[in-house]
Structures are given as C-alpha cells and as structure tokens.
1. Around residue 109, under 15 Å between beta carbons, what's the net of Lys plus Arg minus Asp minus Glu among the other residues?
2. Find the Rg to Rh ratio for region 28-79, where Rh is the Kirkwood radius over alpha-carbon pairs and Rg uses the same atoms.
3. For region 31-173, which whole percent of the accessible surface, found with a 1.4 angstrom probe, sits on carbon and sulfur atoms?
4. Would you please classify the overall shape of region 56-173 from the alpha carbon gyration tensor, given that a ≥ b ≥ c denote the square roots of the eigenvalues, rounded means a/c under 1.5, and beyond that prolate means a/b larger than b/c while oblate covers the rest?
Amino acid sequence: MPTARLAAPAFVAVLALGTMLAPGMAAELDAPTGDVLLTVSGAVTVTNRGDMAVFDLGLLESLPQVEFTTATIWTQGEHRFTGVTLEALLDAVGADGTILNATAINDYSVEIPVSDAVEGGPIVAYRMDGETMSVRDKGPLWVVYPYDDVREYRSEVIYSRSIWQLDRIDIRP
C-alpha cells in the first residue's frame, strides 16, 4: 500500500469552475509569480498563458501534495519525494487526452499514457528529502513512481517514463 500523504486541495474552486463552463470555453489558473518550471500544452481547458497552463513552484505547491519514500535506480538508498500527483496535475489543467509527451530541459522526450495518472501512481516531484532539486540533482521536476510500493512500477517501461529535468508536457488525443 503506498504511503502517500495528501494535503488539502487548494484548487477545488478552479476545477469546479472548469467543469461548469460551456464546451469550448477555458478556465484560467492563477498566473505564476516566479520562474516557470512547467508548461502544459495541447488538450487542456484550464489555462493561464494563452492556450497553455504554466506553473511556477508556488502554483505546483498549491495543488494537492503527495509524499512517499522510495528507492530509485538512479540514486543511492531511499529518498522522500514530494510533489503533485500526475492525476491532480491533469485534473487541474482540464486535460482531455490519452498520451502525455513529457520533455526535459535538454529536449529528451518520453510518452506517458494518461492511464498512468492514477491514485497511488506517479508524481511530478519538486522536492527530494525536503529540498528543492537542482538541475544537477535531476530537478527541478522529476516524474517519480512509487517503485517500492508497487511491483509493476519496477520495470524498464516505467523507468523509461521517469523523466527528470521535466519542463514541458504536451497532452495529445
């Protein structure tokens, strides 16, 4: 059983607004006040910059937080990861697609099926062991699955989806 701790949802009003809109109308997220860490584009209905949703650390932290401890094949020992679930992030932007094209700062790209965005699934981590992650330490954002909690997450397919230095997600139909 995953050892996740959910924080209070600070984005419920945005989601409620997004679900009450007429088809084709987009809701807006708050504008970032810091450096943009993540841009979500494509099939999104909740935006804050043109037809995209952009997030700084504060906006990501305003979404429900999950924390779990797991070992990874890229680090030594267990680490505590904190972030927003992929499921909550997709809900926050009103995602309507089946594939996430996740891209890193260096343009490395992977496809993650939307079906991975489940309770107890991957998070977009912005803290490791309580500290923000530098680019050198696989940050500032890293898609991390709870590898130790779910046996199926310990596979080459899932490891290939665990993109670090994440900065863009394009949601495709």
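1. My count for the surroundings of residue 109 gives -1.
2. 1.13
3. Answer for region 31-173: carbon and sulfur cover 46 percent of the accessible area.
4. On the way: a/c = 1.31, a/b = 1.19, b/c = 1.11.
Rounded, since a/c falls under 1.5.
The values are calculated or read from the model by the stated rules, or taken from the named source; none is laboratory data. Here the structure is a predicted model, which is why all the values come from computation and not from measurement. Heads up, the Cβs are rebuilt from the backbone with ideal geometry, glycines too, and the neighbour counts pull from every protein chain shown. Note: accessible area is taken over every heavy atom of the protein model, side chains too, but ligands, DNA and RNA are not part of it. Shrake-Rupley method; radii C 1.70, N 1.55, O 1.52, S 1.80 Å.
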